[in-house]
Amino acid sequence: MDLKKQRKGILLVIISAVFWGMSGSTAQFLFHNENLNMQWLVAVRLLTAGSIFLIYTFFKIKDGIWKIWKHGRDGLNLVFFGIFGMLGIQYTYFATIKYSNAPTATIMQCLAPVLITCYLTIKFRKFPSLREITAVMLAILGTFLIITKGNIHSLSISKTALFWGILSAFAAAFYTVQPCHLIQKWGSTLVIGWGMLIGGILFSLLVHNPFDFTGKACLYSILGIIFIILFGTIIGFYCYLESLKYISPTTASVLDCVEPLTAAFLSIVWLHVSFGIEEWTGTILIIATIIILSKKQKVS
């Protein structure tokens, strides 16, 4: 592959990871400092970003954005992706931030590759390799250090945060695996746009009205919300998807480890989150699992 294109892909995925990490820290600031309603942010983020993605796709592709609904099975899978994938990953991630902090939420979500490995092992009835077993053990140890600080008799995060963090990892795994066929057939921006819009509409109808704002309506809140939607969602997703044109998903997943490091750095410097040696060790161990599993995928 052309070295210039490869560098472009690397730069794009790093930009997306940094924006995602910054978005998590910004959400933490809005929830903890500005009393912003987490459910309101989920609804507005999904509706706004989904609409923009679909408008972009509408002008980009000739077939329009409605053709996918003429294929019943694809339409049904798209609905499942919107509810359990897109809405699932957004809500559980923000809920984990609300009840803990951005670094914890981001790192817990990084357990998704381990869950995907376990799922594929069961699906294909293939005994895991030594590399995969090592990765799973490192992930378990890393998670243990983050949620207990090495003390088996206590939790360093609340049970609520742990619950949403684990669900976030499962949602991220589902979000990664389930729409693969749809994305290959219809394109990423169309699938993600519809997924966000479906999740946002359902959440708005059943859980929280996007016109019901709760929190401090100040300049910091407005700027934070704009940043999360524009940079943390639209530009972040776009850069990541564009990077896959120039580098492999394996390389992208490894470079995406910049996200938890960005969230941790910002939360420590900006929000004064306590992050001790145990948390850093756990973070490194979980990031190591992603690198190990990515190398396994690359070889196979």
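The values are calculated or read from the model by the stated rules, or taken from the named source; none is laboratory data. Nothing here was measured: the structure is a model prediction, and the numbers come from that model. The protein model used for the area step is the full one, side chains on, heavy atoms only, and it has no ligands, DNA or RNA in it. Shrake-Rupley method; radii C 1.70, N 1.55, O 1.52, S 1.80 Å.
Key figures for this structure:
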{"quantity": "Cα-Cα over 28 Å, subset of 126/245; 67/98; 67/245", "calculated": "126/245; 67/98"}
{"quantity": "Separation between Cα centres of the range 103-120 and the range 148-190, rounded to whole Å", "calculated": "6"}
{"quantity": "The range 46-181, relative contact order in percent, only Cα pairs under 8 angstrom and at least six apart counted", "calculated": "36"}
{"quantity": "Cα gyration tensor category, rounded, prolate or oblate, for the range 14-153 with a/c compared to 1.5", "calculated": "oblate"}
{"quantity": "Per residue value of the accessible surface for the chain (all protein chains in place, 1.4 Å probe), Å²", "calculated": "50"}
{"quantity": "Gaussian network model of the chain, Cα within-10 Å springs - most flexible of 29, 227, 124", "calculated": "124"}
{"quantity": "Label of the coordinate-derived value, Rg and Dmax of the Cα atoms in Å, listed as (i) 19.6, 64; (ii) 18.9, 59; (iii) 21.3, 68", "calculated": "(ii)"}
{"quantity": "Of 108, 22, 137, the one that fluctuates the most in a GNM where the chain has Cα springs shorter than 10 Å", "calculated": "137"}
{"quantity": "Solvent-accessible surface ranking, highest first, for 208, 272 at 1.4 angstrom", "calculated": "272, 208"}
{"quantity": "GNM top mover of 286, 192, 277 - the chain, alpha-carbon springs below 10 Å", "calculated": "277"}
{"quantity": "Shape category assigned to the range 165-298 from the gyration tensor of Cα positions, a/c cut at 1.5", "calculated": "oblate"}
{"quantity": "Percent carbon-and-sulfur accessible area, the chain, ignoring ligands, DNA and RNA, probe 1.4 Å", "calculated": "69"}
{"quantity": "222 nm mean residue ellipticity, helices alone, for the chain (DSSP H n ≥ 4; -39,500 (n - 2.57); rounded to 500)", "calculated": "-24000 deg cm²/dmol"}
{"quantity": "Prolate/oblate/rounded call for the range 1-67, Cα gyration tensor, a/c under 1.5 rounded", "calculated": "oblate"}
